[in-house]
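A short write-up of the structure that comes next.
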């Protein structure tokens, strides 16, 4: 799978680890930065860059990291067509794709360690949207909310 990763300074070390880990597992990784944890950076910038990569088709899905995962998730979801969730357990990481068509996984780099992050990433990547009638119906309702509240 072609997957984009991005982070702020707090998520940088874990992002770097996941970039290498996912490449070792045969995935094409687009690293959208940041390039260091020694310079403060803002999670909304990372969220926007990652969202654009998913929306324009450069990546099939994205993994976004910040200290808690919360700010990155809030910022990512401001982009129409991005369905991001913070997941710190593997059930949510795969179920979010299978039931809710999630396309961005947000992880708190100060919340989980490398081993859990690896498991989360693989659960997310290996999941597919079920296409079950109830999941499609619910996702379509989510799209309708998005369209009603669009400022475009």
The residue that is farthest from the chain's Cα centre (by Cα), considering only those in the range 98-113 that are crowded, with 23+ Cβ neighbours inside 10 Å, free of Cβ contacts under 8 Å to residues at least 60 places away in the same chain and not in a loop (DSSP other than H, G, I, E, B), is 106
Picking from 81, 51, 69, the residue that is within 13 Å of the chain's Cα centre (by Cα) and farther than 20 Å from residue 8 by Cα would be 81
- Answer yes or no as to whether residue 34 is in a loop (DSSP other than H, G, I, E, B) and either over 18 Å from residue 10 (Cα atoms) or touching a strand residue (DSSP E or B) at 6+ places or on another chain (Cβ under 7 Å) (or both). yes
Flag for residue 80 being touching a helix residue (DSSP H, G or I) at 6+ places or on another chain (Cβ under 7 Å) and modelled with pLDDT under 95: no
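So that you can scan it fast, the table gives a plain yes or no per residue for (1) in contact (Cβ under 8 Å) with a residue 12 or more places away in the chain; (2) touching a strand residue (DSSP E or B) at 6+ places or on another chain (Cβ under 8 Å); (3) buried (at least 20 other Cβ atoms within 10 Å of the Cβ); (4) assigned to a loop (DSSP other than H, G, I, E, B):
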{"site": "30", "(1), (2), (3), (4)": "yes, yes, no, no"}
{"site": "44", "(1), (2), (3), (4)": "yes, no, no, no"}
{"site": "51", "(1), (2), (3), (4)": "yes, yes, yes, no"}
{"site": "62", "(1), (2), (3), (4)": "yes, yes, yes, no"}
{"site": "68", "(1), (2), (3), (4)": "yes, yes, no, yes"}
{"site": "81", "(1), (2), (3), (4)": "yes, no, no, yes"}
Of 123, 117, the only residue that is over 21 Å from residue 55 (Cβ atoms), crowded, with 17+ Cβ neighbours inside 10 Å and in contact (Cβ under 8 Å) with a residue 60 or more places away in the chain is 117
The lone condition residue 72 fails out of (1) within 26 Å of residue 145 (Cα to Cα); (2) in contact (Cβ under 8 Å) with a residue 60 or more places away in the chain; (3) assigned to a loop (DSSP other than H, G, I, E, B) is (3)
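The values are calculated or read from the model by the stated rules, or taken from the named source; none is laboratory data. Bear in mind the structure is a predicted one, so any value in this text is a computation, not a measurement. Glycine gets a Cβ as well: all are built from the backbone with ideal geometry, and neighbour counts include every protein chain shown.
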